[in-house]
1. Looking at 43, 75, which one is in contact with a helix residue (DSSP H, G or I) (Cβ under 6 Å, 6 or more places away or on another chain) and surrounded by fewer than 20 Cβ atoms within 10 Å (Cβ to Cβ)?
2. Scan region 4-13 and tell me whether some residue there is part of a loop (DSSP other than H, G, I, E, B), assigned by TED's automatic domain parsing to the domain that holds residue 158, crowded, with 18+ Cβ neighbours inside 10 Å and in contact with a helix residue (DSSP H, G or I) (Cβ under 9 Å, 6 or more places away or on another chain).
3. For region 60-109, which residues satisfy the criterion of being within 24 Å of residue 189 (Cβ to Cβ), modelled with pLDDT of 90 or more and part of a loop (DSSP other than H, G, I, E, B)?
4. Among the candidates 142, 118, 154, 148, single out the residue that is within 30 Å of residue 19 (Cβ to Cβ) and out of contact with any strand residue (DSSP E or B) (no Cβ under 9 Å at 6 or more places or on another chain).
5. Among the numbered conditions (1) free of Cβ contacts under 8 Å to residues at least 40 places away in the same chain; (2) under 28 Å from the mean Cα position of the chain (by Cα); (3) surrounded by 17 or more Cβ atoms within 10 Å (Cβ to Cβ), tell me where residue 117 comes up short.
6. Suppose we filter region 43-65 for residues that are within 20 Å of residue 3 (Cβ to Cβ) and touching a residue at least 12 places away in the same chain (Cβ under 8 Å); how many remain?
7. I need the full set of residues from region 23-42 which are free of Cβ contacts under 8 Å to residues at least 12 places away in the same chain and assigned to a strand (DSSP E or B), in order please.
8. Can you tell me which residue within region 163-176, out of those that are surrounded by 21 or more Cβ atoms within 10 Å (Cβ to Cβ) and under 15 Å from residue 141 (Cβ atoms), is farthest from the chain's Cα centre (by Cα)?
């Protein structure tokens, strides 16, 4: 798609497919058109070129009646909540049910109060939007987006206006919803912690183009300067205060960076893929995780060596946590026990039993003592007698009790 406002081009030739039932995130500096992208997906804005195809229907070409029906598939959390100022929170949340269903008021009340409690607003349902904080309005907007149990959920910066603890609860809620109803979710965010721990897939907009879109493991291990800078939150890199950083500023910052001056970014190790948030233990198995792992295994041989190493370590860690902890979510246990369809030449083998064999081919590899393992095809053999054995790049084994 391509979208402009008058002579101002917002983005051009943006093409992607949101995998059904998976959680996705869209990143990018402020002003790159992320919110415009969301509004285009639901037909509030129309692209100058391109199509938006939902369940086989191009909403840029369909009738108003068809668009009205398709929008029933969506739940949308707008950036500012977008609540009706003259309605109470209860009536705001009940609005989609009254508009799109023929449910009776007692049933509507049961659904609304369930969502109110879900987002932590019990006791505030009779207040007007102007009487509560921005964070509470955001949570009310999320409750309204969820009342129809939508198949597709769009969230425009769900963390804005929320403290870190409430942000963590909202993030967990989105993962639980995905596990429960297998909804397709797209989150627009600037929050790097959300980007690293919530989505199955991540995309990034920059300078009017989609830098990349695909499995989270690919973007999180990317060597592209713009991606690395954004994830690190550093001022040294292609992104400037204005989107187009001029050459003089770039040269001055490069000199400062060479001199050891900090750009203010985090020093986190982004070569490591930290664990993804899992559904609460009482939730169903999150099918998206199983589908996502298979997708990653299908493309792993096409990825750079650093991404392959990070993915293998991440898979091993996920399976270790699944087998070691009785509190582990059903999703992780299912993933550890799932018989994945490994492509030829994939570099992985599944082993049963407590004694595993592993490769020492140029990367540190954790070997996990578990009923079913995903480990690298052996070039050297090491019998695991400790809880975990780490193999260094030199092929030496070191054990951690």
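The values are calculated or read from the model by the stated rules, or taken from the named source; none is laboratory data. Note that the coordinates shown come from a computational prediction; the quantities given were computed from them, not determined experimentally. In this analysis, Cβ positions are derived from the backbone assuming ideal geometry, glycine residues included, and neighbour counts consider all displayed protein chains.
1. 43
2. No, because not a single residue in region 4-13 is part of a loop (DSSP other than H, G, I, E, B), assigned by TED's automatic domain parsing to the domain that holds residue 158, crowded, with 18+ Cβ neighbours inside 10 Å and in contact with a helix residue (DSSP H, G or I) (Cβ under 9 Å, 6 or more places away or on another chain).
3. 73, 83
4. Within the list 142, 118, 154, 148, the selection yields 118.
5. Unmet for residue 117, out of (1) free of Cβ contacts under 8 Å to residues at least 40 places away in the same chain; (2) under 28 Å from the mean Cα position of the chain (by Cα); (3) surrounded by 17 or more Cβ atoms within 10 Å (Cβ to Cβ): (3).
6. Within region 43-65, residues that are within 20 Å of residue 3 (Cβ to Cβ) and touching a residue at least 12 places away in the same chain (Cβ under 8 Å) number 13.
7. None; the set is empty.
8. 170
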